[in-house]
């Protein structure tokens, strides 16, 4: 585990796919224990609302309330389509050193980050 | 009997005519202000004496991270929307007088010293656009190109400076540009390069002489003396976090709405739960004040006795009040969830604080810290009083 972290800390496009593959192996276990369809039910409705507010408002302070980008890049489905889900989840949880993207793992579980990624990829709920 | 009835009708008609001619009650705008409702694209126009909303204006587009400046007569607010919308709002009539879409992704603006020019700073397409304050007609477009290729940087930290100049920073390029718009359609641009990594915002001192850019990519700030631009930009507060790992920053601090109290400037540290105190004679750090989280806004009460601080996620339910004589936090307040902004009334007896996730604006007495009122607003963010109209850098 620690070996994996040291590689992923220096995340760059060159190693992206390799790490994504590693991440996939890792999350495979998660999927096996908890099928994707159950993600929504695993995270309660109230918490999902909190996550929508968090993404729209707090991620939105850099990525825009509409997620069309700001100081940070756009997080709309088009902008994310060629990025692996595991990579996106990693960036959310661990941040991107050298940029303004901070790590959110203090505030999000792995499953919550996964839920955010899958919703960003299909168009994030407005929360309104 | 009939005559009497006729007389009454005439009297009523006469009264109607007289009151009809008088029109709406006359009033000044000196105690008015605007509250941005970021999620609904609306603003409330408020009266800070009576602490009530007097009008609501809809249709301003995406107002996340919206800011505004005032015409020098204090009647119009120029609202800069995130989506590039620039709207001229009439405070007295409560309507949008003019509106243009001037960019794809915008971050704020400024008004010139003489009040005739409004400038917008844009992320996409990167650059500064300058408009007639009267008609919102585009007068100048200054793309923020840098490097070999025709890259354009995101523009931050736009401020007005004496001489009908605007000053701004290039986030991606690490540059400060000074534009002289005394001939608005023929701006003269002076560029200062290598000022430091990732300037995230800028401020101009109340006398309009010094421009400071905060750096996100390194510990320090860039300082430009506009009385002596030939001396170039220099670094101050170098390595203020030396040897210590930065804490994560969950919201970029703002420098506009600076805190200058006496000879000291109070600025947010980056990645540290501290406010840095700068001596504006020597430009050296003279003290640090420990606060509840990553500071976002650090704002002095108009008399300079107190400095109020709000915070980035996850400490954004708090507001700390620093007493400048004691050099420490003397009061902690919890106005509500997700405090985004604070604005003092013109002479500072009250402060208005927006709590986004509680959908309210709380008014405090700054002497006793007693709550003086609560206004409901939908996801309120910035609060702007018309006193800004007469201040350099606002």
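Give the order of B:247, B:237 when sorted by the count of other beta carbons within 10 angstrom, beginning with the fewest.
The order, fewest Cβ neighbours first, is B:247, B:237.
Per 5 Å bin, what is the whole-percent P(r) computed from every C-alpha pair distance within the stretch B:102-251?
Binned Cα distances yield the sequence 2, 10, 19, 22, 20, 13, 8, 3, 1, 1, 0.
Could you calculate, for the stretch B:257-334, the ratio of the Cα radius of gyration to the Kirkwood radius, expressed as Rg to Rh?
Dividing the radius of gyration by the Kirkwood radius yields 0.94.
Which of rounded, prolate, oblate describes the stretch B:100-142, given a ≥ b ≥ c as roots of the alpha-carbon gyration tensor eigenvalues and a/c under 1.5 marking rounded, otherwise prolate only if a/b is larger than b/c?
prolate
Please order A:118, B:379 by the number of other Cβ within 10 Å, starting at the fewest.
Lowest to highest Cβ neighbour count: A:118, B:379.
So, how do all the Cα-to-Cα distances of chain B break down into 10 Å bins, in percent, from 0 on up?
5, 23, 32, 24, 9, 3, 2, 1, 1, 0
Averaging over all projection directions, find the projected area of the Cα convex hull of the protein assembly as shown and quote it in nm² with one decimal place.
Here the figure is 30.8 nm², rounded to one decimal.
Once each part is reduced to its C-alpha centroid, what is the distance from the stretch B:331-394 to the stretch B:148-215 in angstrom?
With the stretch B:331-394 and the stretch B:148-215 each reduced to a Cα centre, they are spaced 29 Å.
What order do you get for A:94-100, B:352-358, B:109-115 when each peptide is scored by the mean count of other beta carbon atoms within 10 Å, highest first?
Highest mean packing first, the order is B:352-358, B:109-115, A:94-100.
Please average, across the residues of A:66-73, the number of beta carbons from any other chain that are within 10 Å of each residue's own beta carbon, and give a whole number.
Per residue, the number of nearby Cβ atoms from other chains is 5 on average.
What would the Debye formula give as log10 I(q)/I(0) at q = 0.12, 0.20, 0.25 Å⁻¹ for the alpha-carbon point model of the stretch A:44-122, no solvent?
These q points yield log10 I(q)/I(0) values of -0.29, -0.89, -1.47.
In what sequence, highest mean first, do B:122-133, A:82-93, B:140-151 appear when ranked by Cβ atoms within 10 angstrom?
Peptide ranking by packing, descending: B:122-133, A:82-93, B:140-151.
So, how do all the Cα-to-Cα distances of the stretch B:77-159 break down into 10 Å bins, in percent, from 0 on up?
Calculated over all Cα pairs of the stretch B:77-159, the distribution is 20, 50, 24, 5, 1 percent.
Residue B:207 to residue B:323: FRET efficiency via 1/(1 + (r/R0)^6), r the Cβ-Cβ distance, R0 25 Å, to the nearest 0.05?
Efficiency for this residue pair is about 0.50.
With n ≥ 4 as the cut-off for DSSP H runs, can you work out [θ] at 222 nm for chain B, using -39500 (n - 2.57) per run divided by the number of residues, rounded to the nearest 500?
Value at 222 nm, helices only, nearest 500: -2000 deg cm²/dmol.
Run the numbers on chain B and let me know its relative contact order in percent, using alpha-carbon pairs under 8 Å that are six or more apart.
This gives 11 percent for chain B.
How many Cβ atoms of partner chains, on average, are near each residue of A:98-110 if near means within 10 Å of its Cβ?
The mean count of partner-chain Cβ atoms within 10 Å per residue comes to 3.
How shielded is A:59-65 by partner chains, expressed as the average number of their Cβ atoms within 10 Å of its Cβ atoms?
The per-residue average across the peptide is 6.
A short reminder: the numbers here are calculations on the coordinates, not readings from a lab. Here the structure is a predicted model, which is why all the values come from computation and not from measurement. Because the Cβ atoms are built from the backbone with ideal geometry, glycine has one as well, and the counts that use them run over all protein chains shown.
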